[in-house]
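Note sheet for the following structure.
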Amino acid sequence: MKKRLVISALGKLLLLEAVMMLPALGVSLGYGDGDTVSFLISIGIMLAVSLPVIKFVKSDDQQMYMREGLAVAGLGWVLLSAFGALPMTVYGACDYVSAFFEITSGFTTTGATVFTEIEALPHGILFWRSFTHWIGGMGVLVFTTALLPTIGGRGGYLARAESPGPSFSKLAPKLGDSAKILYLIYTILTVLQAIALLIAGMPLFDAFIHAFGTAGTGGFSNRNLSIAAYDSVAIDIIISVFMLLFGLNFALFFKLITRDFKGIIKNEEARVYVGLAVISILLIAVDLIKVYGDFPTALRYSMFQVPTVMSTTGFATADFNLWPTFSKSLMLILMLFGSCAGSTAGGLKIVRVIMLFKLASREIRHAFQPRKVHVIKMEGKSLPEDSLSQVGVFFFTYIVILIFGALAVSLDGRDVVTSFTASLACLSNIGPGLGDVGPMGNFTDFSAPVKMVLSFIMLAGRLEIFPILILFHPAAWKRS
Amino acid sequence: MRIIIVGCGKMGLLLAERLIAEKHDVTLIDRDEAVLEHAMDTLDALTIKGNGVSVATLQEADIKHTDIVIATTVSDETNMLCCLTSKLQGAKYTIARIRDPEYLTSLHFITKELFINYVVNPERATAREISRMLRLPFAASIETFARGRVEMVEIRATGREPFVEIPLKDLYKKHSSLPRVLFCAIERSGRAIIPKGDFIIHSGDKVFIASDTPTISAFFKAMGKDTRGVHDAMIVGGSRIAYYLAQLLQDSGVKTTIIENKPHKARWLSEELKDATIIQGDGTDQQLLLSEGLSDAQSFITLTDRDEENLMAGMYASRHTKGKVIVKSNRTSYSELLKDMGLESIISPTQIACNIVLRTVRARANADGTTVERMYSLIGGNAEALEFIPRAGASYLGIPLKNLKIHENVLVAVIVRSGHVLVPFGDDTIEADDHVVIITKEMGIVDLGDVIGRE
């Protein structure tokens with residue numbers, strides 16, 4: 001491990017976070033509801049730590065390899081959360097561990113909150129919380145490769161370590177150009193959504209908070225009741241459509257711009273994703289008739305709640321904790337699957353689920369015809385065997401973390417459903433689960449150690465597990 | 001520019017690295033996933049797995065909006081077909097690597113019918129370079145500019161030359177009879193230096209000296225060097241380079257001996273090359289080398305397909321002969337090490353071919369302005385020598401050099417005006433249709449105007 005190189009990159013990352021706090025500082029100045037000083041102190045601390053590091057830790061060797069890329073991704077995200085938690089702590093909104101949980105939940109676009117009285121928080125802090133969704137959604141390191149290629153060095157180790165999905169799909173030959181295209185699409189979609197929400201009658205501040213929450217598929221709201229507070233069909237529809245859009249692979253939007261319509265229709269993952277969403281919405285709507293009385297109302301709530309868990313956003317217009325068991329079970333499965341690779345969403349990713357299904361079906365057929373050579377294909381291209389086994393290993397690790405997370409949460413003495421779904425909601429970066437952590441509940445009452453465990457589970461889920469796991473593996477720290 | 005490279009061999013990867021450094025958008029196509037994965041780790045390029053001849057793969061690489069396709073797969077035929085398909089699919093310019101001597105005679109017809117805009121033959125280009133090196137055996141390398149009128153010679157300073165341990169500006173005050181040459185670049189412990197008047201050359205430095213061809217000869221003659229070319233050449237390895245080289249040497253009357261181990265290859269060479277002596281045997285066998293007259297050989301060149309064999313044989317030969325030893329090795333990064341072991345002249349066909357392609361790409365990148373006529377990379381790629389022909393209308397024409405703004409680390413080395421070579425001073429000017437040779441540490445220059453402008 002090239003420690004100096006990693007430390008100097010982390011220093012630059014921290015400086016970048018201080019810069020990213022400036023919009024929130026501006027908002028707090030504008031509203032003047034008492035959190036300006038806490039932002040100034042936080043930015044001061046971040047500068048005091050990052051500037052000396054940048055100045056004194058210099059590395060002659062700028063070449064980053066996989067090991068360094070993973071370490072910068074893993075440590076970088078922990079660092080961002082650790083310092084991002086400062087404004088809330090300094091302001092006195094909650095203790096440090098809760099603030100760390102809250103901001104980790106923000107950066108990882110989970111949206112799980114420790115606050116019961118969200119509306120009592122000042123605007124600057126609300127903005128910062130939601131802005132971390134927006135940054136974390138597309139990725140901090142992707143952002144740095146777009147604008148500050150000196151941090152990333154050559155090659156794609158950094159961006160790849162951060163990108164959701166089995167592979168980082170480049171849109172242009174140069175990594176920097178790819179990252180710029182991604183951020184451009186991301187920004188345009190976010191602004192479009194904010195405008196749509198404004199037109200639908202949402203106040204300006206709320207419109208941006210919810211656009212950030214949707215774009216990053218995070219789910220922080222500035223209202224105690226989340227989207228249910230507005231009780232508007234138009235707002236429901238706008239947000240559910242955008243949630244589904246942000247769950248799609250961003251390469252598809254690029255194909256739309258370059259008029260490669262064939263490529264969009266051919267995309268197997270997107271087709272399964274959309275199909276799964278439509279079928280789940282209809283099934284749950286039918287199941288909900290007995291709760292809401294008529295199909296249109298049932299459809300309205302199902303049409304919002306299904307995209308919110310599929311895209312792992314976590315907004316809510318209804319308490320699905322009170323829904324019938326079939327609907328709840330289906331929602332749980334969708335929580336595990338998540339959305340498309342290359343989106344801002346979490347979960348296992350649909351493409352992995354498709355590959356696992358194909359793998360399973362091959363094993364079954366293999367039992368009947370042991371000598372038949374069977375190649376697994378995706379969109380007409382055969383998949384290499386090692387990428388299939390990688391998916392298998394990923395799935396296993398995912399489940400292991402899920403189970404151990406549930407075990408850790410259960411130490412707090414909650415029921416099985418709460419423990420299990422709290423772990424799942426954090427690992428898949430959704431936010432709300434079932435039981436005590438359902439859409440109308442929150443994570444306030446968990447003990448500090450459990451909050452730390454859940455924070456690391458969120459990071460593991462966002463970074464696709466391995467960058468976080470290697471931080472705990474001694475081999476990563478040995479000299480090469 | 002948008003460039004597709006088909007085939008990620010040594011040449012493809014080196015080209016990609018250099019082109020990316022020159023800010024081009026590069027897409028790599030190869031059939032081997034492992035090679036692509038390695039490329040993706042180290043290069044900022046798009047990689048596509050597939051066959052470079054298939055339309056689907058080329059379309060995936062966005063062939064319609066591609067400026068240049070470079071085909072460098074191992075097979076000449078694939079490269080040709082790739083160029084044809086690419087051109088039909090909308091690529092603007094195609095470059096193919098074609099190596100087989102059998103295609104040489106029909107090359108004109110092939111390139112015309114298959115829409116290949118440029119053919120690069122690394123082996124033939126390497127053979128040409130070696131034959132040039134054999135003309136001045138004491139030099140580590142020789143590059144020519146302005147259609148052979150200007151030569152740039154690379155030599156290692158041993159300490160006995162008049163130009164060492166003296167500020168360059170005082171050299172001609174002390175040795176007024178010495179023919180006027182220009183010291184254009186120095187390599188000192190792997191770093192490139194473009195010298196100013198107060199620079200002092202030490203023993204052990206590599207020195208690049210340029211002037212017109214007769215003056216260069218006179219300069220080295222005055223220093224007591226033998227400026228006659230070699231009369232015989234001993235070549236180990238009957239590769240394609242050996243074949244091309246033997247042909248070139250044959251024409252200039254150099255007695256050539258080729259040692260080749262494989263009987264069928266030795267036989268083929270013997271059929272094709274009438275004046276050369278072909279010995280069938282192991283070129284790394286010391287007894288064989290001595291019995292074939294290694295001790296008296298004026299030049300010894302190792303050209304087998306294995307770099308390691310070339311280096312071993314080269315090192316052995318440099319102990320047993322006073323003649324010129326040239327070694328083929330594509331691993332140029334070790335050249336510093338090899339110099340310590342007495343091997344001065346290392347040539348890399350990959351590097352030579354890359355330079356040719358890069359020159360062509362730069363000429364395309366700047367199709368309306370001055371084009372790069374020649375390009376050599378010096379000192380392990382840390383400096384470049386470039387030749388331009390400025391067209392009428394450029395802003396810097398007719399202005400004395402001392403009044404022009406010339407970038408740091410750029411040296412206007414030689415100007416050739418209507419066949420006349422001059423080593424420029426502050427009062428000289430650049431005129432339209434001159435051949436201008438510059439030495440620079442800036443990479444990727446496509447136009448003289450990039451580095452020279454009005455105040």
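The values are calculated or read from the model by the stated rules, or taken from the named source; none is laboratory data. Keep in mind it's a predicted model, so treat the numbers as computed, not measured. A quick note on method: Cβ atoms are made from the backbone with ideal geometry, for glycine too, and the neighbour counts reach across all protein chains shown.
Brief remarks on what is shown
Conditions tested, residue by residue: (1) surrounded by fewer than 14 Cβ atoms within 10 Å (Cβ to Cβ); (2) of a type in the set (F, W, Y).
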position	(1), (2)
B:G148	yes, no
B:K173	yes, no
B:F183	no, yes
B:A192	no, no
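- Some residue of segment B:355-366 being at pLDDT below 80, outside the structural domain of B:V437 (by TED's automatic domain parsing) and closer than 30 Å to B:M312 by Cα: no
- Test: B:A61 is over 26 Å from the mean Cα position of the chain (by Cα) and at the interface with chain A (Cβ under 10 Å from one of its Cβ atoms): yes
- Residues satisfying the stated conditions in segment A:60-87, i.e. in contact (Cβ under 8 Å) with a residue 40 or more places away in the chain and of a type in the set (G, A, S): A:G69, A:A71, A:A73, A:G74, A:G76, A:S81, A:G84
- Filtered by the rule that a residue be closer than 21 Å to A:R129 by Cα and either surrounded by 14 or more Cβ atoms within 10 Å (Cβ to Cβ) or among the basic types (K, R) (or both), segment A:1-22 gives A:L13, A:L14, A:L15, A:L16, A:E17, A:A18, A:M20, A:M21.
- Single residue of segment A:369-388 satisfying the filter (without any contact (Cβ under 8 Å) to a residue 60 or more places away in the chain and assigned to a helix (DSSP H, G or I)) that is nearest to A:E268 (Cα to Cα): A:L388
- Condition broken by B:D32, with the remaining ones in (1) in contact with a Cys (Cβ under 7 Å, 6 or more places away or on another chain); (2) among the charged types (D, E, K, R); (3) surrounded by fewer than 16 Cβ atoms within 10 Å (Cβ to Cβ) satisfied: (1)
- Where B:V35 falls short, out of the listed (1) within 30 Å of B:Y243 (Cα to Cα); (2) more than 12 Å from chain A (Cβ to nearest Cβ): (1)
- Residue list for segment A:333-352, restricted to those being assigned to a helix (DSSP H, G or I) and out of contact with any helix residue (DSSP H, G or I) (no Cβ under 7 Å at 6 or more places or on another chain): A:I333
- Residues of segment A:440-461 satisfying the condition of being within 26 Å of A:R352 (Cβ to Cβ) and either modelled with pLDDT under 90 or of a type in the set (G, A, S) (or both): A:S455, A:A460, A:G461
- Qualifying residue in segment B:69-91 (condition: over 28 Å from the mean Cα position of the chain (by Cα), more than 14 Å from B:L358 (Cα to Cα) and within 13 Å of chain A (Cβ to nearest Cβ)): no
Here is a yes/no grid of residues against (1) within 30 Å of A:G139 (Cβ to Cβ); (2) more than 14 Å from every other protein chain (Cβ to nearest Cβ); (3) assigned to a helix (DSSP H, G or I):
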residue: A:M355; (1), (2), (3): yes, yes, yes
residue: A:E363; (1), (2), (3): no, yes, yes
residue: A:A367; (1), (2), (3): no, yes, yes
residue: A:Q390; (1), (2), (3): yes, no, yes
residue: A:F395; (1), (2), (3): yes, yes, yes
residue: A:I399; (1), (2), (3): yes, yes, yes
residue: A:T418; (1), (2), (3): no, yes, yes
residue: A:N429; (1), (2), (3): yes, yes, no
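- Any hit, segment A:434-451, residues being without any contact (Cβ under 8 Å) to a residue 60 or more places away in the chain, aliphatic (A, V, I, L, M) and on the phi < 0 side of the Ramachandran plot: yes
- Only residues that are of a type outside the set (G, A, S) and under 24 Å from B:S131 (Cα atoms) were counted across segment B:188-229, and they come to 17.
- Residues being surrounded by 15 or more Cβ atoms within 10 Å (Cβ to Cβ) and either of a type in the set (S, T, N, Q) or modelled with pLDDT of 90 or more (or both) - total across segment A:254-270: 3
- Segment B:336-351 - residue that is surrounded by fewer than 19 Cβ atoms within 10 Å (Cβ to Cβ) and assigned to a helix (DSSP H, G or I) and, of those, farthest from the chain's Cα centre (by Cα): B:D340
- Listed by position, the helices (runs of 4 or more DSSP H) contained in segment B:4-96 that have at least 3 residues being under 28 Å from B:I445 (Cβ atoms) are B:10-21.
- Residue satisfying condition, being crowded, with 17+ Cβ neighbours inside 10 Å, among the hydroxyl-bearing types (S, T, Y), farther than 18 Å from A:S382 by Cα and out of contact with any Leu (no Cβ under 6 Å at 6 or more places or on another chain), within set B:T57, B:T72: B:T72
- With respect to the conditions (1) surrounded by fewer than 20 Cβ atoms within 10 Å (Cβ to Cβ); (2) closer than 29 Å to B:F220 by Cα, B:I130 falls short on a single one, namely (1).
- Residue check for B:E17: at the interface with chain A (Cβ under 10 Å from one of its Cβ atoms), within 24 Å of A:L383 (Cα to Cα) and among the acidic types (D, E): no
- Any hit, segment B:322-332, residues being more than 18 Å from the chain's Cα centre (by Cα) and in a loop (DSSP other than H, G, I, E, B): yes
- When segment B:367-393 is filtered for residues that are touching a strand residue (DSSP E or B) at 6+ places or on another chain (Cβ under 9 Å), at pLDDT 75 or above and assigned to a loop (DSSP other than H, G, I, E, B), the ones remaining, listed by number, are B:I379, B:N382, B:I389, B:P390.
- Here B:P214 meets each of (1) out of contact with any Ser or Thr (no Cβ under 6 Å at 6 or more places or on another chain); (2) touching a residue at least 24 places away in the same chain (Cβ under 8 Å); (3) assigned to a helix (DSSP H, G or I) with one exception, condition (2).
- Per-region count, segment A:54-73, residues surrounded by fewer than 24 Cβ atoms within 10 Å (Cβ to Cβ), assigned to a helix (DSSP H, G or I) and away from chain B (no Cβ under 14 Å): 3
- Being among the hydrophobic types (A, V, I, L, M, F, W, C), assigned to a helix (DSSP H, G or I) and either in contact with a Lys or Arg (Cβ under 8 Å, 6 or more places away or on another chain) or at pLDDT below 90 (or both) is not true of A:I238.
- Failed item, numbered, when B:L168 is tested on (1) within 27 Å of the chain's Cα centre (by Cα); (2) of a type outside the set (G, A, S); (3) within 20 Å of B:P424 (Cβ to Cβ): (1)
- Of the numbered criteria (1) among the aliphatic types (A, V, I, L, M); (2) surrounded by fewer than 24 Cβ atoms within 10 Å (Cβ to Cβ); (3) at pLDDT 90 or above; (4) under 29 Å from A:V306 (Cβ atoms), the one A:I364 fails is (4).
- Pairing residues of segment B:2-24 that are charged (D, E, K, R) with residues that are in a strand (DSSP E or B) and surrounded by 21 or more Cβ atoms within 10 Å (Cβ to Cβ), at Cβ distances under 6 Å and at least 6 apart in sequence or on separate chains, gives B:R2/B:D25.
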